[in-house]
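The values are calculated or read from the model by the stated rules, or taken from the named source; none is laboratory data. Just so it is clear, the structure is predicted and the values come from calculations on it, not from any experiment. A quick note on method: Cβ atoms are made from the backbone with ideal geometry, for glycine too, and the neighbour counts reach across all protein chains shown. The area values use the complete protein model at the heavy-atom level, side chains included, leaving out ligands, DNA and RNA. Shrake-Rupley method; radii C 1.70, N 1.55, O 1.52, S 1.80 Å.
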Amino acid sequence: MGSVVEAAGKGMPVLGICNGFQVLCEAGLLPGALTRNAGLHFICRDVWLEVASNTTAWTTRYDAGADLLIPLKSGEGRYVASEAVLDELEGEDRVVFRYRENLNGSMRGIAGVCSANRRVVGLMPHPEHATEALTGPSDDGLGLFYSALDAVLSV
C-alpha cells in the first residue's frame, strides 16, 4: 500500500472501488469509513448514481448531475463520517457520487468521495462492471476510465 500512497502523493490518479474504497479510507487517503449496510443485508443490484462532482481526475467526462446506472455489490458499503467531515466534503465539492435511492444507509446518500487534490476517488458501486451494455446494465462506467486517461495524458 505504501507505493499507492506514494503515487497518490505525486498526483497519480487513484481509484478505489468497493473494498478498494474501504482500503483508501483506512490508509488515510480518503476521509470516512465504510460499515455494514443498514439492515445488515448484502445488496446486489443495479443502482442509479448522481455525478455530484465532475471536477475530479475520474469524472471530467461526465456532466454534473448526470445519472449513471452502476452495479452495487456490497455488505459493508454504508459510508460514514463525522458531521464535521461531511460538512467539509460538501463545502469543498468533494462528494463525487450520490445514490439516487440510498439502499445501504450511507450518510447523506454518499456513494463516493475524493481527496483534497481531486486525484484520489473512492466509490462503493462497481463502474468496471458497467463498461459494456451487452454484458452490464449500461456502459455508464466508461466515463471514469476515459476521464483518468485524460488526466494522465494531459500532464
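Under a 5 Å amide H cut-off, with hydrogens placed 1.01 Å from N, Asp46 pairs with Leu72 among residues at least 5 apart or on other chains. Cα-based radius of gyration for region 72-113, normalised by 2.2 N^0.38 Å, reads 1.11.
Which of Val121, Val96, Val14 moves most in a GNM of the chain, Cα contacts under 10 Å? The residue that fluctuates most here is Val14.
By accessible area, using a 1.4 Å probe on protein heavy atoms only, the chain has 55% of its surface on carbon and sulfur.
Solvent exposure of the chain amounts to 46 Å² per residue of accessible area, where only protein heavy atoms count and the probe is 1.4 Å. Relative contact order for region 20-155: 29 percent, from Cα pairs under 8 Å spaced at least 6 residues apart, divided by residue count. Along region 38-54 the Karplus relation, 6.51 cos²θ - 1.76 cosθ + 1.60 evaluated at θ = phi - 60°, assigns HN-Hα couplings of 4, x, 6, 9, 6, 10, 9, 6, 6, 10, 8, 10, 9, 6, 7, 9, 10 Hz to successive residues, with x for each Gly and Pro. Charge dipole of region 1-85 (Cα centre as origin; +1 on each Lys and Arg Cβ, -1 on each Asp and Glu Cβ, all else neutral): 180 debye, rounded to the nearest 20. The 3J(HN,Hα) values that the Karplus relation (6.51, -1.76, 1.60; θ = phi - 60°) gives for region 135-145 are, in residue order, 10, x, x, 6, 10, 5, x, 4, x, 4, 6 Hz. Gly and Pro appear as x. When Rg and the Kirkwood Rh are both derived from Cα coordinates, the Rg/Rh ratio for region 66-155 amounts to 0.99. Among Ser53, Val95, Gly77, which residue has its Cα positioned farthest towards the positive end of the charge dipole of the chain, with +1 placed on the Cβ of Lys and Arg, -1 on the Cβ of Asp and Glu, and the dipole taken about the Cα centre? Positive-most Cα among the choices belongs to Gly77.
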